[in-house]
Amino acid sequence: MVPRTVFFSVLFLLLPLLSGTSASVIDRSVAVVNDDTITLSEVNELGKPLFKRITDEAPKDQQEAAMQEARQAVIDKLIEKKLIAQEAKKLGIQVSEQDVENAFQRILASNNATEEQFRKEIAAEGMSEKQYREGLQEQIMSSKLINHEVRTKVVITESSVRDYYDTHYLTVTDGGEYYLLQIGCTWGTEITGGVIPSQDEAKQKIEKAHALAMKGKNFKELAKEYSDLPSAHEEGDLGHFQPDEMAPYIHDAVIHLKPGEISQIVEHDNGYHFFKLVSLQQQNQTTAREPFDGVKDQIREKLYQQALEQRFKDWVTSIREKAYIKIL
């Protein structure tokens, strides 16, 4: 199955792709945005999935109020779209058919899909290729507009990156805490994919992971690949423990380790386990979950996206305040 793709990461806030077909009703205007109008058919088309969900799921006595609220939300989104299109026109921002085709082909390539596979996927969502391309054209236009009006004004300073790091990546403890990572392979119970490994299979798997860890392979990546435990979703991160908080089999495996060292494989219940002692925190010691140089680019990108989204919202608010808008 081809995953649904968002062409630009911030645009999920802006322009949802149209789905469904126009309702069979007599069309009329429902709102005026400067020199443009929003029609009832536009509202029905954009809001079709939402309206259907309300009809199918909302209690009968709440449907009317929920539908009114949903229609207002759809009208607000269409007002925003009209304003963005008008601003793009003022600035002479255009999107050619070739721009759309290039973007479409990049989406196919990134999903390793054929055009026929992609058409089936969007058809399953009630969308035609024409509607998808129209939505894609709007996204490209909006991205160009963002580049012109918003993106160049977003600056992330080194100090803001450092402040975020200090807040989210540094911890100060009272002392004696062990920061542990874990990899575990189980047998006799179902794991991902419905497989039930035997004890021999679990042992072979844990020995392979342990050997790679001892050779210096990234422990967190190994945890994601080899561990059958819930902690695998957290890259094997167990967090911080006082010695008396650890289960006996963990305590015995890690108590003599030095920071950075990896324990021997231990057997417990129906699983094999080994651990890495990331750090042993002394009294009032500040410890980093990750080195600053290893995460600073990731932090900068996160802060950039947050700032970009906020500046875009502020920009849309400013042009909306200047516009003539009337709900009919």
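Taking the conditions exactly as written (open to solvent by 60 Å² or more (accessible area, probe 1.4 Å), of a type in the set (K, R) and under 26 Å from R119 (Cα atoms)), does R106 satisfy them or not? Taking the combined requirement at face value, the residue satisfies it. Is one or more of the residues making up region 249-267 at positive phi and within 33 Å of the chain's Cα centre (by Cα)? Within region 249-267, one or more residues are at positive phi and within 33 Å of the chain's Cα centre (by Cα). Could you please tell me which pairs satisfy a Cβ distance under 8 Å, a separation of 6+ or placement on different chains, a first residue in region 305-320 that is over 20 Å from S160 (Cβ atoms), and a second residue that is assigned to a helix (DSSP H, G or I) and of a type in the set (A, V, I, L, M)? If the second residue must be assigned to a helix (DSSP H, G or I) and of a type in the set (A, V, I, L, M), the pairs left are V316/L83; V316/I84; I319/L83; R320/I79; R320/L83. If S263 meets every condition in (1) open to solvent by 90 Å² or more (accessible area, probe 1.4 Å); (2) in contact with a strand residue (DSSP E or B) (Cβ under 8 Å, 6 or more places away or on another chain) apart from one, which number is that one? It fails just one condition, (1). Considering the conditions (1) open to solvent by 30 Å² or more (accessible area, probe 1.4 Å); (2) within 30 Å of I262 (Cα to Cα); (3) in contact (Cβ under 8 Å) with a residue 12 or more places away in the chain; (4) within 24 Å of the chain's Cα centre (by Cα), T171 is excluded by exactly one of them, (4). Scanning region 86-103 for residues that are small (G, A, S) and either surrounded by 12 or more Cβ atoms within 10 Å (Cβ to Cβ) or touching a helix residue (DSSP H, G or I) at 6+ places or on another chain (Cβ under 8 Å) (or both) returns A88, A103. Considering Q298, Q310, Q264, the condition of being in a loop (DSSP other than H, G, I, E, B) and of a type outside the set (D, E, K, R) is satisfied by Q264 alone. Every condition in (1) more than 30 Å from W315 (Cβ to Cβ); (2) not in a loop (DSSP other than H, G, I, E, B) holds for E190 except the one numbered (2).
Among the residues in region 195-212, are any in a loop (DSSP other than H, G, I, E, B) and buried (at least 17 other Cβ atoms within 10 Å of the Cβ)? Yes, region 195-212 has at least one match. Every condition in (1) more than 19 Å from G239 (Cα to Cα); (2) in contact (Cβ under 8 Å) with a residue 60 or more places away in the chain holds for L277 except the one numbered (1). L181 passes every criterion in (1) loosely packed, with under 13 Cβ neighbours inside 10 Å; (2) in a strand (DSSP E or B) apart from (1).
Among the conditions (1) open to solvent by 50 Å² or more (accessible area, probe 1.4 Å); (2) over 26 Å from K224 (Cβ atoms); (3) not small (G, A, S), I255 misses just one, which is (1).
The values are calculated or read from the model by the stated rules, or taken from the named source; none is laboratory data. Note that the structure is predicted; figures quoted are calculated from it, not measured. We place every Cβ from the backbone using ideal geometry, glycine too, and count neighbours over all the protein chains shown. Only protein heavy atoms, including side chains, enter the accessible area calculation; ligands, DNA and RNA are left aside. Shrake-Rupley method; radii C 1.70, N 1.55, O 1.52, S 1.80 Å.
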